[in-house]
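Participant: Structure incoming, see below.
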Amino acid sequence: MGMTMTQKILAAHAGLPEVHAGDLIEAKLDIVLGNDVTTPVAIGEFEKAGFTEVFDKDKIVITLDHYTPCKDIKSAELCKIARDFAREQNITHFYDVGTVGIEHALLPEQGIVGPGDCVIGADSHTCTYGALGAFSTGVGSTDMAAGMASGLNWFKVPQAIKVELKGKLQPFVSGKDVILHLIGEIGVDGALYQSLEFTGEGVSELSMDDRFTISNMAIEAGGKNGIFPVDEKTIEYITNRFEREPVIFEADEDAEYARTVTIDLSELKPTVSLPHLPSNTKTVDEVAGMPIQQVVIGSCTNGRMSDMRAAAAIIKGKKVADGVRCIVIPATQDIYMECLEEGIIKTFIEAGCAVSTPTCGPCLGGHMGVMAAGERAVTTTNRNFVGRMGHTESEVILASPAVAAASAVAGCVACPEA
Amino acid sequence: MIRGKVWKFGDHVDTDVIIPARYLNAPEPSELAKHCMEDIDASFAGTVQSGDIMVGGWNFGCGSSREHAPVAIQASGISCVIAASFARIFYRNSINIGFPILECPEASEAIKAGDIITVDTKAGVITDETTGETFQAKPFPPFIEKIIEKGGLLPYLKGKEA
């Protein structure tokens, strides 16, 4: 019996000729990631267990992106713990305010992760790098500590759901609509303990940014990882970024899948997830007109260059509606700079948006856009759980950058083509 | 053997309600415990007794990778979590910190809030003393049992190194 793409990457990193779904294996890690929320806890566990040195200073990435620039003294203390550790251990890939970007936009952009890698990150959206053909999954702080100490971690080999993509996206429909649609179809635990393996002729129609968005939200279907095959677009993306030799894995012809889900990209419409679960999806035309008070365009899901361009194209020459706060957060410094060069920042500011330095802030209700009771936001982020962006009686509607921008201008949930 | 009173929760209990992000800037277990479950049951942190048991539905612990979630539950005094299923990162995090969790859809369905139950975590046997019913949870694979026996992943790794 053949192996899935994920299984082949795991087998190679475990030094085994083959692995099967359900096997418990120990695999070598190419990259171990943490942020300012999870790294201090990992450092505490690392030191408590008596470890003094990381296994490889080049293979650990620490990004201070969640509560930065620090929102309060407690956050500043946490960042200091991570900063001191990074300095002591001489960590190569340490990103602080001024160079930091939102981790899952930053690592691919800086060429730190690439095809064939086995990556863990103490952040659930670490699954993003599956877009590059890597095995990449979110773990906790103790896992990060173990990874930092040994360069190894344990995994249960997952089964996979094959997601067969066909057709081509319509205008104003993006990777975000694909993944929201899929989560709506299979549910928030539809891929629990499983991989989502994207395949089919439709893959080549998706930009890398679309693929990052799709892989990013695999966790919102409960998935262990969400992975794309490596094609010309992947190679073009990693060229002049990724310095290691990419290793290209392909699923075997006779790989066994738990099931197959087929999505015709050409049939998808702009989609949103209503409160309070990402699986609570509707097409925008079904819910257009719901009043909103806030829009957030950014995050590890949708803070990339094509997201900024899609939002700016809709906002250009218009004004954010009265009574709406529109917060735009380019995910990295390079994206911010590119937005400046293209005049996109000017477009946002002229329309009445607030533009911020990279931070995860509002997505998790940390800072930079926390909501009061009774308020509702359309956001390009990834979770709409109770209290996610502030008060437990506030509401988050997940959407694409195009829908978020159209909603900011309309003052209510709105379709970009309308 | 663990014995305690049941706190019952529903399906898809996410890590944002287990411990909201606004409290993640103070990760000491005792601080996290003060706000555990606050957004779903404001009375929980103030009234939970040491040894009590939490019973959830499907996909317990979904969402963020924050290890602060099982840490908060453990520090609140909860001795064990039983659920129909667990989100995978919460599952690993619990094992990695040596916190007992058991997957048992039947127990999750039948056990009611306030019941007194006993749990043999090693054998995976759950007994509802209030109703007299007994349930068998899925046993852990031997590898995971070893991690739990050692008190978590890092003590296990350190032991292997020695």
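The values are calculated or read from the model by the stated rules, or taken from the named source; none is laboratory data. Computed from a predicted structure; not experimentally measured. Glycine also receives a Cβ, built like all others from the backbone with ideal geometry; neighbour counts cover every protein chain displayed.
Participant: Looking at segment A:54-97, which of its residues are hydroxyl-bearing (Ser, Thr, Tyr) and touching a strand residue (DSSP E or B) at 6+ places or on another chain (Cβ under 6 Å)? So that I can check it myself, show each step before the final result.
Facilitator: Quick first cut of segment A:54-97, residues hydroxyl-bearing (Ser, Thr, Tyr) only: A:63, A:67-68, A:75, A:92, A:95.
Result: A:THR63, A:TYR95.
Participant: Scan segment A:171-183 and report the pairs whose first residue is farther than 18 Å from A:ARG304 by Cα and of a type in the set (Val, Ile, Thr) and whose second residue is modelled with pLDDT of 95 or more and assigned to a helix (DSSP H, G or I), with Cβ atoms within less than 7 Å and a gap of 6+ or a chain change.
Facilitator: Close Cβ pairs satisfying both conditions: A:ILE183/A:MET217; A:ILE183/A:GLU220; A:ILE183/A:ALA221.
Participant: What number of residues in segment A:360-418 are farther than 23 Å from B:ILE18 by Cα, more than 18 Å from the chain's Cα centre (by Cα) and among the polar types (S, T, N, Q)?
Facilitator: Residues in segment A:360-418 being farther than 23 Å from B:ILE18 by Cα, more than 18 Å from the chain's Cα centre (by Cα) and among the polar types (S, T, N, Q): 1 in total.
Participant: Which helices (runs of 4 or more DSSP H) does segment B:27-144 wholly contain that include 1 or more residues that are farther than 22 Å from A:GLY138 by Cα and aliphatic (A, V, I, L, M)?
Facilitator: Details: elements: B:29-34, B:44-47, B:68-75, B:88-96, B:105-110.
Helices (runs of 4 or more DSSP H) meeting the threshold: B:29-34, B:44-47, B:68-75, B:105-110.
Participant: Regarding A:LEU10, is this residue more than 14 Å from every other protein chain (Cβ to nearest Cβ) and without any contact (Cβ under 8 Å) to a residue 60 or more places away in the chain? Lay out the reasoning, then the answer.
Facilitator: Values: more than 14 Å from every other protein chain (Cβ to nearest Cβ): yes; without any contact (Cβ under 8 Å) to a residue 60 or more places away in the chain: no.
Criteria not met by A:LEU10.
Results for (1) within 11 Å of another protein chain (Cβ to nearest Cβ); (2) buried (at least 24 other Cβ atoms within 10 Å of the Cβ); (3) of a type in the set (D, E, K, R); (4) in contact with a strand residue (DSSP E or B) (Cβ under 9 Å, 6 or more places away or on another chain), shown as yes or no for each residue.
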residue	(1), (2), (3), (4)
B:TRP58	yes, no, no, yes
B:GLY61	yes, yes, no, yes
B:GLU67	yes, yes, yes, no
B:VAL81	no, yes, no, yes
B:TYR91	yes, no, no, yes
B:ILE111	no, no, no, yes
B:PHE143	yes, no, no, yes
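Participant: Name every residue in segment A:390-412 that is crowded, with 24+ Cβ neighbours inside 10 Å, part of a loop (DSSP other than H, G, I, E, B) and touching a strand residue (DSSP E or B) at 6+ places or on another chain (Cβ under 6 Å), in order of residue number.
Facilitator: Answer for segment A:390-412, where residues must be crowded, with 24+ Cβ neighbours inside 10 Å, part of a loop (DSSP other than H, G, I, E, B) and touching a strand residue (DSSP E or B) at 6+ places or on another chain (Cβ under 6 Å): just A:ALA399.
Participant: While we're here: Check off (1) over 17 Å from B:GLU28 (Cβ atoms); (2) in a loop (DSSP other than H, G, I, E, B) for A:ARG83 and give me the number that stays unchecked.
Facilitator: With respect to (1) over 17 Å from B:GLU28 (Cβ atoms); (2) in a loop (DSSP other than H, G, I, E, B), A:ARG83 is out only on (2).
Participant: With (1) over 17 Å from the mean Cα position of the chain (by Cα); (2) surrounded by 24 or more Cβ atoms within 10 Å (Cβ to Cβ) as the list, and A:PRO330 as the residue in question, which single condition is left unmet?
Facilitator: (1)
Participant: Could you tell me whether A:ALA191 is out of contact with any Pro (no Cβ under 8 Å at 6 or more places or on another chain), within 14 Å of chain B (Cβ to nearest Cβ), crowded, with 24+ Cβ neighbours inside 10 Å and part of a loop (DSSP other than H, G, I, E, B)? Even if it seems obvious, please write down each step before you answer.
Facilitator: Working: out of contact with any Pro (no Cβ under 8 Å at 6 or more places or on another chain): yes; within 14 Å of chain B (Cβ to nearest Cβ): yes; crowded, with 24+ Cβ neighbours inside 10 Å: yes; part of a loop (DSSP other than H, G, I, E, B): yes.
Yes.
Participant: Without any contact (Cβ under 8 Å) to a residue 24 or more places away in the chain and either touching a Cys at 6+ places or on another chain (Cβ under 7 Å) or basic (Lys, Arg) (or both), is that true of A:LYS57?
Facilitator: Working: without any contact (Cβ under 8 Å) to a residue 24 or more places away in the chain: no; either touching a Cys at 6+ places or on another chain (Cβ under 7 Å) or basic (Lys, Arg) (or both): yes.
It is false that A:LYS57 is without any contact (Cβ under 8 Å) to a residue 24 or more places away in the chain and either touching a Cys at 6+ places or on another chain (Cβ under 7 Å) or basic (Lys, Arg) (or both).
Participant: If you don't mind, there's one more thing I want to ask. Just for strands (runs of 3 or more DSSP E) wholly inside segment A:209-308: which have at least 1 residues that are crowded, with 24+ Cβ neighbours inside 10 Å and not acidic (Asp, Glu)? Spell out how you get there, then give the answer.
Facilitator: Working: elements: A:225-227, A:259-264, A:271-273, A:281-283, A:294-297.
Ranges flagged: A:225-227, A:271-273, A:294-297.
Participant: Would you please name the residue that is farthest from the other protein chains (Cβ to nearest Cβ), looking only at residues in segment B:1-34 that are farther than 19 Å from A:GLU45 by Cα and charged (D, E, K, R)? Steps first, answer last, please.
Facilitator: Of segment B:1-34, the ones farther than 19 Å from A:GLU45 by Cα are B:1-23, B:34.
Okay, now just the ones that are also charged (D, E, K, R), so B:3, B:5, B:8, B:11, B:14, B:16, B:22, B:34.
Working: B:ARG3: 28, B:LYS5: 25, B:LYS8: 18, B:ASP11: 9, B:ASP14: 5, B:ASP16: 4, B:ARG22: 6, B:LYS34: 14 Å.
Selected residue: B:ARG3.
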